[in-house]
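Below is one structure, written out as structure tokens, with a few remarks after it.
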Amino acid sequence: MKKLGVDVLAISVDSKFSHKIWQEEELSKMVDGGVPFPMLSDAGGRIGKLYGVYDEENGVNIRGRFLIDPDGVIQAMEVMTPPVGRNFAELIRQIKAYQHVIKTGEVCPAGWQPGKTTLKPSPDLVGKVWKVWKPDAELG
Amino acid sequence: MTATAGKAAPDFEAPAYDQSEGFTNVKLSDYKGKWVVVCFYPGDFTYV
């Protein structure tokens with residue numbers, strides 16, 4: 001994430017004290033040097049409610065991931081219930097794609113990966129996407 | 001204001017723990033000009 005120029009903020013309803021001990025007792029043993037981003041304390045789910053991820057019944061924030069661009073606009077979001085973890089590779093793909101879009105004005109079709117075909121939106125492309133983008137070749 | 005794709009991210013400020021800075025305060029709007037991933041998770045010391 002550092003390489004992509006992206007900052008991470010992790011948020012749960014736990015206290016900052018709990019975050020500290022979790023980092024020291026467990027995370028630092030999973031990740032060399034510990035996780036390199038701030039862990040925020042969202043007591044009562046105040047922030048989670050703003051983002052639609054607070055579960056009132058259980059008093060926790062479910063898994064929500066929001067990609068925010070340099071203008072402060074949410075470009076992508078994903079919300080998952082607790083038992084399944086996220087796919088980090090998909091987040092990286094989305095970051096690279098959105099950064100490409102902002103840099104070039106080109107758009108990234110389904111399944112896009114760096115180096116794959118992008119599309120340049122123009123009136124000429126309407127109805128002609130099939131000529132430049134083949135699902136079998138791009139997604140296969 | 002709730003979070004919507006394509007719209008401004010709701011601002012927030014919260015107490016935080018950061019391994020390099022210790023206890024600190026984090027405000028989303030301080031990150032203007034940067035890409036940010038905001039990640040909610042159920043709780044410390046859980047399994048997944």
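The values are calculated or read from the model by the stated rules, or taken from the named source; none is laboratory data. Worth saying up front: this structure is predicted, and the values here are computed from it rather than measured. We place every Cβ from the backbone using ideal geometry, glycine too, and count neighbours over all the protein chains shown. What goes into the accessible areas is simple: the full protein's heavy atoms, side chains included, and nothing from ligands, DNA or RNA. Shrake-Rupley method; radii C 1.70, N 1.55, O 1.52, S 1.80 Å.
Over chain A, give the accessible area per residue in Å² for a 1.4 Å probe, as an integer.
Numbers: 7870 Å² over 140 residues.
Accessible area per residue, chain A: 56 Å².
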Would you kindly work out the equivalent ellipsoid of segment A:57-140 from its C-alpha gyration tensor and give its semi-axes, the square roots of five times the eigenvalues, largest first in whole Å?
30, 16, 11
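So, with +1 on the Cβ of K and R and -1 on the Cβ of D and E, and no other charges, what is the size of the charge dipole of the protein assembly as shown about its Cα centre, to the nearest 20 debye?
Numbers: 22 positive and 24 negative charges, 182 e Å.
So the dipole magnitude of the protein assembly as shown works out to roughly 880 debye.
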To the nearest Å, what is the center-to-center distance of chain B and segment A:1-45, using C-alpha atoms only?
10 Å
Charge dipole (debye, nearest 20) of segment A:52-140; +1 at Cβ of Lys and Arg, -1 at Cβ of Asp and Glu:
520 debye
Using modelled backbone amide H atoms (1.01 Å from N, in-plane), which distant-in-sequence or interchain residues come within less than 5 Å of B:TRP35's amide H?
A:ASP7
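Decide, for chain B, between rounded, prolate and oblate: order the square roots of the alpha carbon gyration tensor eigenvalues as a ≥ b ≥ c, take rounded if a/c falls under 1.5, and otherwise choose prolate if a/b is larger than b/c, else oblate.
On the way: a/c = 2.17, a/b = 1.28, b/c = 1.70.
Taking the square roots of the gyration eigenvalues as a ≥ b ≥ c, chain B is oblate.
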From DSSP H assignment alone, runs of 4+ in the protein assembly as shown each adding -39500 (n - 2.57), the sum over residues rounded to the nearest 500 puts [θ] at 222 nm at -5500 deg cm²/dmol
Summed buried accessible area for A+B [probe radius 1.4 Å, Å², rounded to 100]
4600 Å²
Chain A: angle of helix A:88-104 to the longest principal axis, Cα-based, in degrees nearest 10
50 degrees
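Tell me the carbon and sulfur percent of the accessible area for segment A:39-131, rounded to whole percent, probe radius 1.4 Å. Walk me through the intermediate numbers first.
Values: 2860 of 5050 Å².
Roughly 57 percent, rounded to a whole number.
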Would you grab the residues whose amide H sits under 5 Å from the one on A:ASP14? Only those 5+ places off in sequence or on another chain, please, with H modelled 1.01 Å from N.
A:ASP42, B:ASP44
Enumerate the amide H contacts of A:VAL73 below 5 Å, restricted to partners 5 or more residues apart or on another chain; note that Pro and chain-start residues carry no placed amide H.
B:ALA9
Can you find, among B:TYR17, A:VAL129, B:PHE45, the residue sitting farthest towards the positive end of the charge dipole of the protein assembly as shown, where Lys and Arg contribute +1 and Asp and Glu -1 at Cβ?
A:VAL129
